[in-house]
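Please treat every number below as a calculation from the coordinates, not as lab data. Keep in mind it's a predicted model, so treat the numbers as computed, not measured. Ideal geometry is used to build each Cβ from the backbone, glycine not excepted, and the neighbour counts take in all protein chains shown.
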Amino acid sequence: MNHVSPRRLLIAVLLFAGLAMRIMSATVQEGLALPAPAIDMPAGEAASEVAVLAGGCFWGVQGVFQHVKGVSNAVSGYAGGAKSTAIYELTNDGTTGHAESVQVTFDPRQVTYGQLLQVFFSVAHDPTQLNRQGPDTGTQYRSTIFPANAEQAAVAKAYIAQLDATHAFKRRIETTIEMGRAFYPAEKYHQDFLVRNPTYPYIVYNDLPKIENLKRLLPAVYRAVPVLVSGTR
């Protein structure tokens, strides 16, 4: 708790009072059953690939992907800005260009990049919220995909177009695609935050429902025991 910012402490107080329940996104809370991408990347022979996704506070997004089969590591961090500003206290005001992100290392022979995007759009966040997620506001909480290569970018663009064409969401998808952005791991105290703090009010109201939605809506990729972080600072 010594490392939790005053902003997050304030959110916790609001959650205890029940006020934040009125401003949470219904889509995130309930999850949404979405079709798999019509266009996906082939499994290939590589045993490990990386995806970087941003969908609001990284605590919950990391927690979701830690419960996905085929994921060997999910690290909270920052992407979109410079290395020198990849620090929580600096990114908190939304002026660094960074988004709170999660770097997902996965085995494409077990789970495809497209399936990760399906999880991302279905249960990890609400892609129709612009520069916010639930009670968190600012560009650091934007919905963004940071492709590792042109192939990932093509799959992401095609999936967004697919979801738009079928009107999967009642509102416009605000997810952006940002190429050529480096990922920087977040501070150690942010890693595995959901797993280590399951009773923290912010986690209880905003993030634990995402895990349940993953289990309910996408049981084929759900794993009960989360994979924990390795190799962070």
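The C-alpha atoms of the chain define a longest principal axis, and helix 150-165 lies at about 80 degrees to it. Across the chain, C-alpha contacts under 8 Å between residues 6 or more apart give a mean separation that, scaled by the residue count, equals a relative contact order of 31 percent.
Restricting the GluC sites (Glu not before Pro) of segment 42-103 to loop positions (DSSP other than H, G, I, E, B) with no more than 15 neighbouring Cβ atoms within 10 Å leaves Glu45.
Its convex hull of Cα atoms gives the chain a direction-averaged projected area, equal to a quarter of the hull surface, of 11.6 nm². If R0 is 35 Å, the Cβ-Cβ spacing of Ala153 and Val204 corresponds to a FRET efficiency of close to 0.50.
The separation of segment 159-233 from segment 102-149, counted between C-alpha centres, amounts to 6 Å. Run the numbers on segment 112-174 and let me know its relative contact order in percent, using alpha-carbon pairs under 8 Å that are six or more apart. Value for segment 112-174: 33 percent.
Beta bridges per DSSP, both residues in the chain: antiparallel share near 90 percent.
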